[in-house]
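The values are calculated or read from the model by the stated rules, or taken from the named source; none is laboratory data. Quantities reported herein were computed from a predicted structural model and do not represent experimental measurements. Heads up, the Cβs are rebuilt from the backbone with ideal geometry, glycines too, and the neighbour counts pull from every protein chain shown.
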Amino acid sequence: MPDPIRLLIVDDHAVVRKGLAMVLRLESGLEVVGEAENGRVGLEAAKNLQPDIVLVDLVMPEMDGQEMALALRKSNPQIKIMMLTGTEVDDRVFDLIAAGIEGYVLKNIEPAELVHGIHAVVHGEAYLHPDVMKKVVGRLQPQQTAPVSLTPRELEILEYMSTPNTYKQIANKLSIGEETVRSHAKNILEKLKQPNRAQAVLAAVKMGLIDLGD
């Protein structure tokens, strides 16, 4: 049996923090190793506990979630980060995505979907709430860039990469193997010269390769 995913929860609201911890402790594949009430305490806890992933509230006193996430990305880049925010998507999402933060979800997310997102991020995938992706894409305008040649299958997978579907789910939808999807995704990232899934999707929108409008 694989080791459980080790989580640290950082949120200044005790009810939210402890509620998340209680829900996530019910999952057999997850282990909540710590809690912190602000970014300063959370940053030290992350360095000491070395969790697999940190769930970070965006708006906090002393050191907010953005500052903590960017500092943690520099000091401990191997630790995955998932940002938590209210029902409105904060403009800071643009800087966080540009910095390579892997996950961004709203606090009204269903517990099962949050668990799904945690697993996706820990296993090397990006996970952006659909409302986050819509806001980001809404700010983008196609730009003239050097042509990038993607195969029809790569374009199809790229469209799916813009959704919350994991690579395994994409494979099931396309009736192909998960490793095949991962291989295509790797080729897409290389062709677009992007470090991760989220930034590849944004680059593709800028290039006019895909259209995520309704």
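Here is the figure for the stretch 69-113: residues that are in contact (Cβ under 8 Å) with a residue 40 or more places away in the chain, aliphatic (A, V, I, L, M) and assigned to a helix (DSSP H, G or I) total 3. Residue count for the stretch 65-93 under the criterion of being at pLDDT below 90 and not small (G, A, S): the result is 8.
Could you grab me the full set of residues in the stretch 163-180 that are in a helix (DSSP H, G or I) and of a type in the set (S, T, N, Q)? Residues satisfying the conditions are Q169, N172, T180.
Selection of the stretch 1-50 for residues being farther than 15 Å from D64 by Cβ and of a type in the set (D, E) yields D3, E27, E31, E35, E44. Does the stretch 126-156 hold any residues that are among the β-branched types (V, I, T) and either at pLDDT below 70 or surrounded by 15 or more Cβ atoms within 10 Å (Cβ to Cβ) (or both), and which are they? Across the stretch 126-156, the qualifying residues are V132, V136, V137, T145. Is it the case that some residue within the stretch 173-194 is under 22 Å from M83 (Cβ atoms), at pLDDT 80 or above and within 20 Å of the chain's Cα centre (by Cα)? Yes, the conditions are met somewhere in the stretch 173-194.
Filter the stretch 181-206 for residues that are buried (at least 20 other Cβ atoms within 10 Å of the Cβ) and either in contact with a strand residue (DSSP E or B) (Cβ under 7 Å, 6 or more places away or on another chain) or outside any helix (DSSP H, G or I) (or both) and give the result. Correct list: A198 only.
No other residue among E35, E31, E27 is crowded, with 17+ Cβ neighbours inside 10 Å, assigned to a strand (DSSP E or B) and not hydroxyl-bearing (S, T, Y) apart from E35.
Set side by side, the residues L43, L7 differ, and just one is in a helix (DSSP H, G or I), at pLDDT 95 or above and in contact with a helix residue (DSSP H, G or I) (Cβ under 7 Å, 6 or more places away or on another chain), which is L43.
Residues in the stretch 48-83 that are charged (D, E, K, R), under 20 Å from the mean Cα position of the chain (by Cα) and farther than 21 Å from P111 by Cβ: 4 in all. Taking the stretch 46-64 as the range and being in a helix (DSSP H, G or I) and touching a residue at least 12 places away in the same chain (Cβ under 8 Å) as the test, the residues that pass are A46, K47, L49.
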